[in-house]
Amino acid sequence: MSGHGAPVIDISGVSTQETPLKLAVIAASWHTEIMDGLLDGARRAAAEAGVETTEVRVPGSFELPVAAARMAPHFDAVVALGVVIRGGTPHFEYVCSAATDGLTEVSVRTGVPVGFGVLTCDTEQQGLDRAGLPGSKEDKGHEAVTAALAAAAALRPWKM
Ligand code: DLZ
């Protein structure tokens, strides 16, 4: 499992009335059960942090970067959620690298942290294991929001 060595990050105080953070959560629409788990984890983390959250749905993970590019300038942090499952075709590699490279580019270009909640799995079971559902071993939606908000709070003194 990929979570070995992950930090425990407390985001309970990152957003206050004096210093509020605005979060955008962008979610692709493929693989509904796994995505529902990711979204639920993302919402739980946002609630723990007390941030104002805007959710947007896009068709697939390929569309996550363009949505992140459009939204990032209006938010303190963005989280992209997607589920890509290898289907034995080269499409898997294209969709994964487009999402990964595109989201990295948006984050670096805008200076807005983009939490990476895109699961790239060989099997559906791997996705279920990481989706924060009852019985899952990991909660990647929660992790992605936590990371993006922690980074946004750490970078707050150098607002762009
Ligand atoms: C085409 C495609 C395929 C084969 N698989 C997935 C997937 O597993 N997860 C996902 O989020 N999106 C997939 N897509 C759709 C692409 O992301 C994209 O929406 C379409 O290629 C249209 O641009």
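If you scan region 44-70, which residues turn out to be outside any loop (DSSP other than H, G, I, E, B) and open to solvent by 80 Å² or more (accessible area, probe 1.4 Å)? Break it down stepwise before answering.
Going residue by residue through region 44-70, those that are outside any loop (DSSP other than H, G, I, E, B) are 44-49, 52-57, 61-70.
Matches in region 44-70: Arg44, Glu48, Glu52, Glu55, Arg57, Phe62, Val66, Arg70.
Residue-level check: of (1) surrounded by 17 or more Cβ atoms within 10 Å (Cβ to Cβ); (2) outside any helix (DSSP H, G or I); (3) not small (Gly, Ala, Ser), Glu143 misses just (2). Please find, within region 103-112, the residue that is nearest to Glu138 (Cα to Cα) out of those that are open to solvent by 20 Å² or more (accessible area, probe 1.4 Å) and part of a helix (DSSP H, G or I). Per the stated criteria, the residue is Thr104.
In the set (1) open to solvent by 10 Å² or more (accessible area, probe 1.4 Å); (2) more than 16 Å from the ligand (Cβ to nearest atom), the condition left unmet by Leu23 is number (1). Looking at the structure I just gave you, is Gly115 modelled with pLDDT under 95 and either buried (at least 17 other Cβ atoms within 10 Å of the Cβ) or near the ligand (Cβ under 8 Å from one of its atoms) (or both)? In short, no.
The values are calculated or read from the model by the stated rules, or taken from the named source; none is laboratory data. Please read these numbers as outputs of a predicted model, since none were measured by experiment. Positions of Cβ are backbone-derived with ideal geometry, glycine not excepted, and every protein chain shown enters the neighbour counts. What goes into the accessible areas is simple: the full protein's heavy atoms, side chains included, and nothing from ligands, DNA or RNA. Shrake-Rupley method; radii C 1.70, N 1.55, O 1.52, S 1.80 Å.
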